[in-house]
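Colleague: Take a look at the following structure, please.
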Amino acid sequence: MTVQDSRAVGKIGLAPARPTGTKPAARPLRRLPAQKDWPTWALVAAQIGIFVGAVALWEIGARTGFVDAFFWSQPSAIANTMAAFFGSGDAWTDISFTFRSTILGFLIGTAAGSLLGLSFWWSRNYAAIVQPYIICLESIPKLALAPLIILVFGIGLLSKVAVATALTLVVSTLTAYSGVKALDADGEKLFYSLGASRMQVFRKLVVPFCLPWIISVLRVNIGLALTGAIVGEFIASQHGLGRAILYAGQTYDIALVWVAVLVLSTLAVVMYAAVSWLESVLRKGVKQ
C-alpha cells in the first residue's frame with residue numbers, strides 16, 4: 001500500500017488492520033480482600049466485654065423495671081443464689097451425679113456402637129438383617145423411651161446412664177458403618193493376596209481405616225450423652241443438675257434455675273474441651 005492509499009483509507013475512516021499474532025492487553029488481577037486476624041488477647045477481651053455488657057444491661061433493666069425480675073431474675077440475685085448453692089453440700093453431689101452419668105453413657109454408647117458398626121464388615125447378610133432395626137431405632141425419639149427406661153432401671157444412676165447410652169449408641173453405630181462401607185475393596189484384595197487372614201484384615205485394615213470416622217463422632221456424642229442424662233433427671237431422679245432445674249422451676253425460683261443452667265453449661269464446656277483434646281491425641285498418627 002502506497003502513502004496515498006494510506007491517506008485515502010484515513011479519510012474514509014477505516015482503521016488499519018491489527019497485525020496478526022498480537023494479544024489484547026491482560027486485565028489486572030483482582031486481589032482478594034485482606035483480613036487481618038486479631039491476636040488472642042483481643043478476641044478474649046471482646047468476648048469478656050460482650051458478656052460483662054450483657055450482664056450489666058440485664059442488671060440495669062431489672063432494677064429499672066424494664067426487665068421483669070420475677071420471670072427473668074437478675075444477676076445480683078443469681079450471684080447470691082450461686083453462693084448459697086455451692087455453700088450447701090448438694091451442689092457437688094448434683095454435679096458429680098450428672099458428670100458420672102454423662103461420662104458412663106458416653107463411653108458405653110460410643111464403644112458399643114463403634115463395635116456394632118465395625119461388626120457389619122464381617123457379613124453383608126448380617127448387616128442387611130440388622131441395618132433396618134438400627135435405622136428404626138434411629139428414627140424413634142429416644143427421649144420418648146426415657147420414662148420406660150426409668151421404670152425398668154429405677155431412678156438411680158443406672159437409668160440415666162441407660163438414657164445417655166441410648167442416644168449415643170445409634171450415632172456411633174451408623175458412623176462406624178459408614179466407614180466400613182467406604183472401605184476400599186482393592187485394599188482388601190491386596191491383603192488377602194499377601195496371605196492375611198480375615199482377622200488380620202480386620203485389625204490391620206478395617207479398624208485403622210474406620211478410626212477417623214469413629215473419632216469424628218466423639219464431640220457429638222458427649223453432647224448427646226449430657227442431654228440424655230439431663231432428660232433422665234427431669235423425669236425422675238434424686239440427684240443431678242436436671243433435678244435441680246426441675247425443682248427450681250416448680251418452685252418459681254428463677255435464680256436457682258439460672259445457677260443450675262450456668263453450672264451445667266460450664267460442665268458441658270469442660271467435657272467438650274476434654275473430648276476435643278482426646279480427639280486431637282487420637283488423630284496423631286492416624287492417616288486421614
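Colleague: How large is ³J(HN,Hα), in whole Hz, for each residue of the range 50-62 in order, when computed from phi with the Karplus curve 6.51 cos²θ - 1.76 cosθ + 1.60 and θ = phi - 60°, using x for Gly and Pro?
Modeller: 5, 5, 5, x, 5, 5, 5, 5, 4, 5, 5, x, 5
Colleague: Using Cα pairs under 8 angstrom and six or more residues apart, how large is the relative contact order of the chain, in percent? Write down the numbers at each step before the final one.
Modeller: Details: 275 pairs, mean separation 64.2, N = 288.
Here the relative contact order equals 22 percent.
Colleague: Still on this model: Could you work out the Kirkwood radius for the chain, taking every pair of different alpha carbons, averaging 1/r and inverting it, reported in Å? It would help to have the intermediate numbers written out before the result.
Modeller: Values: mean 1/r = 0.0409 Å⁻¹.
After inverting the mean inverse Cα-Cα distance, the result is 24.5 Å.
Colleague: While we're looking at this one, here's another question. Taking only the alpha-carbon positions of the range 155-237 and ignoring solvent, what does the Debye formula give for the base-10 log of I(q)/I(0) at q = 0.25 Å⁻¹?
Modeller: Each listed q maps to, in turn, -1.07.
Colleague: To continue, here is another question. Provide Rg and Dmax in Å for the range 131-288, with only Cα atoms included in the calculation.
Modeller: Cα only, the range 131-288: 20.3, 70 Å (Rg, Dmax).
Colleague: Ranking request for peptides 226-234, 137-145: highest mean number of other beta-carbon atoms within 10 Å first, then the rest in descending order.
Modeller: Details: 226-234: 24.9, 137-145: 12.8.
Ranking, from highest mean packing down: 226-234, 137-145.
Colleague: Now for a separate question. Return the aspartates and glutamates within reach of Lys160: Cα separation strictly under 20 angstrom, same-chain partners fewer than 8 residues apart disregarded; answer none if there are no such residues.
Modeller: By straight Cα distance, Lys160 reaches Asp90, Asp94, Glu138, Glu233.
Colleague: Tell me the mean residue ellipticity at 222 nm calculated for the chain from its helices only (DSSP H runs of n ≥ 4, each -39500 (n - 2.57), averaged over every residue, nearest 500). Provide the component values of the computation, followed by the final result.
Modeller: Values: 14 runs with 212 residues, N = 288.
My calculation for the chain gives -24000 deg cm²/dmol from helical runs alone.
Colleague: Once the Cα gyration tensor of the range 195-255 is diagonalised, what are the square roots of 5 times its eigenvalues, in whole Å and ordered largest first, as equivalent ellipsoid semi-axes? Please report the intermediate quantities before stating the final value.
Modeller: Working: eigenvalues 415, 25, 6 Å².
Largest first, the range 195-255 gives 46, 11, 5 Å.
Colleague: Where does each of 35-48, 186-199 land if you order them by average Cβ count within 10 Å, highest first?
Modeller: On the way: 35-48: 9.1, 186-199: 11.6.
By packing density, highest mean first, the sequence is 186-199, 35-48.
Colleague: Separate question: If you split all Cα-Cα distances of the range 224-287 into 5 Å bins from zero, what percentages do you get per bin, shortest first?
Modeller: 4, 17, 20, 20, 12, 9, 7, 5, 4, 2, 0
Colleague: On to the next question. Enter the per residue convex hull volume of the range 95-171, computed from alpha-carbon coordinates, in Å³ rounded to the nearest integer. If you can, show how the numbers build up before the last one.
Modeller: Details: hull volume 6.4 nm³, N = 77.
Dividing the Cα hull volume of the range 95-171 by its residues yields 84 Å³.
Colleague: Could you run the Karplus curve 6.51 cos²θ - 1.76 cosθ + 1.60 with θ = phi - 60° over the range 118-123 and give me ³J(HN,Hα) per residue in whole Hz, x for Gly and Pro?
Modeller: Listing the rounded values in order: 5, 5, 5, 5, 5, 8 Hz.
Colleague: Let's test the formula: R0 of 35 Å, r as the Cβ-Cβ distance of Asp90 and Ile140. What FRET efficiency results, to the nearest 0.05? All intermediate terms of the calculation are to be shown ahead of the outcome.
Modeller: On the way: r = 34 Å, r/R0 = 0.98.
Efficiency, rounded to the nearest 0.05: 0.50.
Colleague: Moving on. Under 20 Å Cα-Cα from Lys189, which aspartates and glutamates qualify once same-chain neighbours fewer than 8 residues away are excluded?
Modeller: Partners found: none.
Colleague: Compare Leu282, Leu158, Leu169 by solvent-accessible area with a 1.4 Å probe and give them largest first, with all protein chains kept in place. Can you show the working numbers first?
Modeller: Working: Leu282 75, Leu158 105, Leu169 50 Å².
Largest to smallest exposure gives the sequence Leu158, Leu282, Leu169.
Colleague: Could you derive backbone 3J(HN,Hα) for the range 89-101 from the dihedral phi with the Karplus parameters 6.51, -1.76 and 1.60 (θ = phi - 60°), listing whole Hz in sequence and x where the residue is Gly or Pro?
Modeller: Result, rounded to whole Hz: x, 6, 4, 6, 5, 5, 5, 5, 5, 5, 5, 5, 5.
Colleague: With the calculation restricted to Cα positions, what are the radius of gyration and Dmax of the range 60-125 in angstrom?
Modeller: 22.8, 69
Colleague: For the range 219-244 and the range 90-113, what is the separation of their Cα centres, given in Å?
Modeller: 8 Å
The values are calculated or read from the model by the stated rules, or taken from the named source; none is laboratory data. Fair warning: this is a prediction, and the values are worked out from it, not measured in the lab. Cβ atoms come from the backbone with ideal geometry, glycine included; neighbour counts cover every protein chain shown. Ligands, DNA and RNA are stripped out before the accessible areas are found, and what is left, the full protein with its side chains, is counted by its heavy atoms. Shrake-Rupley method; radii C 1.70, N 1.55, O 1.52, S 1.80 Å.
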